[in-house]
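In what follows, a structure is listed as structure tokens, so that the remarks can point back to it.
None of the figures in this text is laboratory data; all of them are computed from the coordinates on show. Note that the structure is predicted; figures quoted are calculated from it, not measured. Because the Cβ atoms are built from the backbone with ideal geometry, glycine has one as well, and the counts that use them run over all protein chains shown.
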Amino acid sequence: MELINEEGANELLQAQTRVWNHALEFINSMALKCAVELEIPDAIQSHGKPITLSELASSLPIHPSKGEYLYRLMRILVHSGIFSLKKVGDDPQQEGYSLTPTSRFLLKGNPLSVRPLLLFWLDPVPMEALQCLSTWFQNEDLTAFNTAHGKCAWELTGKNARLNNVFNEAMASDGALTSGVVMNKCKGVFEGLKSLVDVGGGTGAMAKCIAETFPTMNCIVFDLPHVVSGLQGSDNLKFVGGDMFESVPSADAILLKWILHDWSDEECVKILKQCKEALGRNGKIGGKVIIIDMILGNQNWDEKSTETQLFFDLFIMTCVSGRERSEKELANLFFAAGFSNYKINPVLGVRGLIEVYP
């Protein structure tokens, strides 16, 4: 075997470590899922102050024989910034776990919790599709989800009540945070509108916030019949079942939150044309489509934000026929559907709010 000099050895070892780290990054995800399922953030919150390892172990629904392993789970979650360690009492050696701004987003009682979204992404059903990526690259299936499950994500969600609930809860949890930020940063986008249709609005988290903020606006949540079945509206909010590829209810504004990234370019143009037709129905002039989606490369993101967008794109590629798009790619869709102009409001972190005009 050829001898390796010191400089070459260091480079090889660094490269090996990078490969190991990249291959094992899923450990962060699984540790986080474990913490959420054991309700560790809630146990720390309920304690009211930094909680020691023994106190944490006794407060969790874990088997007595597993208490000695808890430290190793918490160690990696502290390292990744999910929790923090603080001194407890006068003993400098005594430390306790505390919540961070990140782990507060995992609390069950937090109305802005991302817990349901995390549990959907890490659910065995989409995770199995990710396991099939290399197989999918070698066959003719539309998505790796089809390869794994023999049917598309939308078909399986429509037939699997558990998965349907997990997905709807995930979208609702994101809707609560998104609507709060939008109402704070660009409420004017919705001012003056008499009616709005939230296409693909799920259980209505986003539309409910809009309807409450603007009580004179008539709002409709429009989604597939199995999604909106049995959901109750209010004086200015109602749920309507239908297919956005066939027709969209008429309104002054059409909201598409996290919709276009689920579909191919051709399908997006069909959706947008239905929205444009709905805006102009009965001789109406004006109106707009309000889109909330990622915009790749729209700002000078830091490395982690860019990585988040790329993670999303690969997850979308795995599960459905869509993709995350750049501003230019989105604009091409708008103009192909017959719209004349658009305006980007960069108010949602790695996503943006786009107003599209006929």
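Taking other C-beta atoms within 10 angstrom as a stand-in for reagent exposure, Thr147, Thr216 fall in the order Thr216, Thr147, fewest first. The label point for Glu95 and the one for Ile4, both projected 7 Å from the Cα toward the Cβ, are 3.2 nm apart. Helix 70-79 versus the longest principal axis of the chain: what is the Cα-based angle in degrees, 0 to 90, to the nearest 10? With rounding to tens, the tilt is 60 degrees.
Computed from Cα positions, the angle between helix 303-319 and the longest principal axis of the chain comes to roughly 70 degrees. Sorting Met317, Met244 from the fewest to the most surrounding beta carbons within 10 angstrom yields Met317, Met244. Label zone (Glu329, point 7 Å along Cα-to-C-beta; backbone nitrogen cut-off 20 Å) within the range 238-262: 256-262.
Working from Cα positions, state the angle (0 to 90°, nearest 10) between the long axis of helix 6-23 and the longest principal axis of the chain. Helix 6-23 sits at roughly 50 degrees to that axis.
Computed extension gain for Lys108 through Lys66, at 0.36 nm per residue and net of the alpha carbon distance, reaches 12.7 nm. Look at the alpha carbon pairs under 8 Å that are at least 6 residues apart: their mean separation over the length of the chain gives a relative contact order of 11 percent. The GluC sites (Glu not before Pro) of the range 126-173 that meet both conditions, a loop assignment by DSSP and at most 16 other Cβ atoms within 10 Å of the site Cβ, are Glu140.
For the pair Arg162 and Ala23 in one chain, pulling the backbone fully straight at 0.36 nm per residue adds 47.0 nm over the alpha carbon distance. On full extension, the segment bounded by Cys34 and Ser134 gains 33.3 nm, given 0.36 nm per residue less the C-alpha separation. Summarising the label geometry, the points placed 7 Å from Cα in the beta-carbon direction at Glu277 and Glu307 lie 4.5 nm from one another. For GluC sites (Glu not before Pro), the sites in the range 231-287 that DSSP calls loop and that have at most 14 other Cβ atoms within 10 Å are Glu246.
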